[in-house]
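J.: Sharing a structure here in structure tokens format.
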Amino acid sequence: MAGRFFVPSVVGAQALAHYVVGDYRGAARLYRRDLAQRAATVPADQAWSWTTLMQGDLDRAATEARAESQRAPDEAEPVLTLAEVALAKNDLSAAIDLAERVLRTRRDDYDALLVTAVARGRQGRPDSAIDALKRALRYDHAERRITVFLSILELTGELQSSPASVRPDCLLAHLHRYLSIYDPSHAGVAARYAERAIASGDRADDAFVTLGLTRTKRGYRRAALEAYERAVEINPRNTAALLGAARYRADRGETLEEYRLTKAAFDVAPKDAFVAATFHGLLMQKIGDYRQARTMAETAVGADAGDAEGWWRLASVMSHLGDHNGALKAYQHAAALTPRVPELQTSIGHELVKLDRSTDAAAAYRRAIALNPLGPEPHYGLGRVYGKDRRWADALREYEAGYALGGRDIEDVVGRCELYWETGDAGRADACLVEVLTRDPDNQRGQALLEHVRAAARPASASR
């Protein structure tokens, strides 16, 4: 179980007790009470509308969120706070409208999808709730807001207590599948609800997908494949089932079958950005069919010039094909459509470096850093620009920033070692290279530089 269930307070202990006996609604309310107490201790200069929401002051949270949104109209977080306030006040239509506003700027935002799922579930629209959960659960990350998690926990408790004749078993299977991210015991519960849904014909294809995923977690891979195949038999357009079967084939090294199943998913839903990105990644990274990847991306942006991810995919394949002018233009199209994405600015920087436009590249990397100060890659990019200009001290500063932020790509670490040598710090260069060769003993750049560093140190040592 994740640490979020174990809160060191009396109220937190009470919440855990309710959770353990299956009273999820009561547990959620107690966890909220503990959260309000902890949020009250947040210093005023660090608080914002979500902090006020956690404290339970819904009206003040809404007022603050609207003010924040006016100051930063492109920022999604205040809108999410407003959506959560609406959800807490049971204004379900407003909660959905606000979540959809977030989804227009952040496709498949996990928290917004979960808010939508809770609101649809409370409206008695389980199919729409499942659709929102399916979109969220296909990613390998989870929500950012503990308050959204508690809303899901509360909804699960509400639905479980409903009479069996009207209980939405397939929706409950998906809710427990989500909760299994934090507590693996929910996987078995999800499977039981999925089996009930199959027996009653409640979206049996999606229930089989849930069975497949829970069986995969338990190591029953062949049984998982059988579940995916049953889902496809029921609904050949179920992309989750097709991609689940494709993952099984990929793990077995059956690339041809992986391609067939992934392409089938794409043919079913070519406008689904997640499916398109999955197929694009297979073409680019495993098959090397750049021509098909380019055609696919060109078709996407030709059909919808506002498809930012289509432009992003097109830029990626053009860069691989060596058309850096074309790649730059495509990345710039994507960035114009989604201006607050730091990864796009970093990619623009990379293309500008390849075009020998160092000043423009540096500006792009700085924009990326401003958008996400915790990202290592734009620091390394800026460091490479400085290194090209022989500004060794500036380059080292950026490489050290990238390393401190968790950037551990081996070639970037070797570059950091080289900069220690260029700036006259042989001792740190030696220690840095030992780290490189411990991780990658066959790294030729590291081997050559370490030999050079130690050869330069030997005459000084011999003279002593």
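The values are calculated or read from the model by the stated rules, or taken from the named source; none is laboratory data. What you see is a predicted model, and the numbers here were worked out from it, not measured in a lab. Note that each Cβ is placed from the backbone with ideal geometry, even for glycine, and that neighbours are counted across all protein chains shown.
J.: Working only within the stretch 61-120, note down all residues that are among the acidic types (Asp, Glu), farther than 26 Å from Gln46 by Cβ, in contact with a Lys or Arg (Cβ under 6 Å, 6 or more places away or on another chain) and part of a helix (DSSP H, G or I).
T.: Start the filter on the stretch 61-120 by keeping residues that are among the acidic types (Asp, Glu), which leaves 64, 68, 74-75, 77, 84, 91, 97, 100, 108-109, 111.
Still in the running and farther than 26 Å from Gln46 by Cβ: 91, 97, 100, 108.
Still in the list and also in contact with a Lys or Arg (Cβ under 6 Å, 6 or more places away or on another chain): 108.
Within the stretch 61-120, no residue meets the criteria.
J.: Do the conditions hold for Arg144, that is, is it basic (Lys, Arg) and assigned by TED's automatic domain parsing to the domain that holds Ala86?
T.: Details: basic (Lys, Arg): yes; assigned by TED's automatic domain parsing to the domain that holds Ala86: yes.
Yes: the conditions hold for Arg144.
J.: Would you mind finding the one in Leu175, Leu159 that is surrounded by 20 or more Cβ atoms within 10 Å (Cβ to Cβ), more than 26 Å from the chain's Cα centre (by Cα), farther than 28 Å from Arg260 by Cα and not acidic (Asp, Glu)?
T.: Step by step, each of Leu175, Leu159 is checked, and only Leu159 is surrounded by 20 or more Cβ atoms within 10 Å (Cβ to Cβ), more than 26 Å from the chain's Cα centre (by Cα), farther than 28 Å from Arg260 by Cα and not acidic (Asp, Glu).
J.: In the stretch 41-59, which residue that is in contact (Cβ under 8 Å) with a residue 40 or more places away in the chain and among the aliphatic types (A, V, I, L, M) is farthest from Ala86 (Cα to Cα)?
T.: Among them, the one singled out is Met54.
J.: Can you tell me which residues in the stretch 2-60 are under 17 Å from Phe149 (Cα atoms) and in a loop (DSSP other than H, G, I, E, B)?
T.: Residues satisfying the conditions are Ala2, Phe6, Val7, Gly22, Asp23, Gly56.
J.: Still on this structure, I have one more. Just wondering, is there one or more residues in the stretch 23-33 that are free of Cβ contacts under 8 Å to residues at least 60 places away in the same chain and farther than 22 Å from Gln160 by Cα?
T.: yes
J.: Please work out which residue is surrounded by the fewest Cβ atoms within 10 Å (Cβ to Cβ), limiting yourself to the stretch 259-306 and to residues that are among the basic types (Lys, Arg) and closer than 22 Å to Arg237 by Cβ. Steps first, answer last, please.
T.: If we filter the stretch 259-306 for residues that are among the basic types (Lys, Arg), which is where we start, we get 260, 263, 271, 286, 291, 294.
Applying the additional criterion that residues be closer than 22 Å to Arg237 by Cβ yields 260, 263, 271.
On the way: Arg260: 14, Lys263: 17, Lys271: 12.
Within the stretch 259-306, the match that is surrounded by the fewest Cβ atoms within 10 Å (Cβ to Cβ) is Lys271.
J.: Still on this model: Just to be sure before I move on: is Leu16 free of Cβ contacts under 8 Å to residues at least 40 places away in the same chain, crowded, with 18+ Cβ neighbours inside 10 Å, out of contact with any Ser or Thr (no Cβ under 6 Å at 6 or more places or on another chain) and not acidic (Asp, Glu) in the structure I sent?
T.: no
J.: Is there a residue being within 24 Å of Ala404 (Cα to Cα) and either at pLDDT below 95 or buried (at least 20 other Cβ atoms within 10 Å of the Cβ) (or both) anywhere in the stretch 321-341?
T.: Yes, because at least one residue in the stretch 321-341 is within 24 Å of Ala404 (Cα to Cα) and either at pLDDT below 95 or buried (at least 20 other Cβ atoms within 10 Å of the Cβ) (or both).
J.: Then there is this: List the number of the failed condition for Val79; all other conditions in (1) under 27 Å from the mean Cα position of the chain (by Cα); (2) at pLDDT below 95; (3) of a type outside the set (D, E, K, R) hold.
T.: Failed condition: (2).
J.: Additional query: Given the condition without any contact (Cβ under 8 Å) to a residue 60 or more places away in the chain, more than 30 Å from Asp202 (Cβ to Cβ) and touching a Ser or Thr at 6+ places or on another chain (Cβ under 6 Å), answer yes or no: does some residue in the stretch 312-324 qualify?
T.: So in the stretch 312-324, the residues without any contact (Cβ under 8 Å) to a residue 60 or more places away in the chain come out as 312-324.
Checking the rest, the ones that are also more than 30 Å from Asp202 (Cβ to Cβ) come to 312-324.
Among the residues that remain, those that are also touching a Ser or Thr at 6+ places or on another chain (Cβ under 6 Å) are: none.
Among the residues of the stretch 312-324, not one is without any contact (Cβ under 8 Å) to a residue 60 or more places away in the chain, more than 30 Å from Asp202 (Cβ to Cβ) and touching a Ser or Thr at 6+ places or on another chain (Cβ under 6 Å), which makes the answer no.
J.: Could you tell me which of the residues Ala393, Ala370 is surrounded by fewer than 16 Cβ atoms within 10 Å (Cβ to Cβ), of a type outside the set (Lys, Arg), assigned to a helix (DSSP H, G or I) and within 23 Å of the chain's Cα centre (by Cα)?
T.: Ala370
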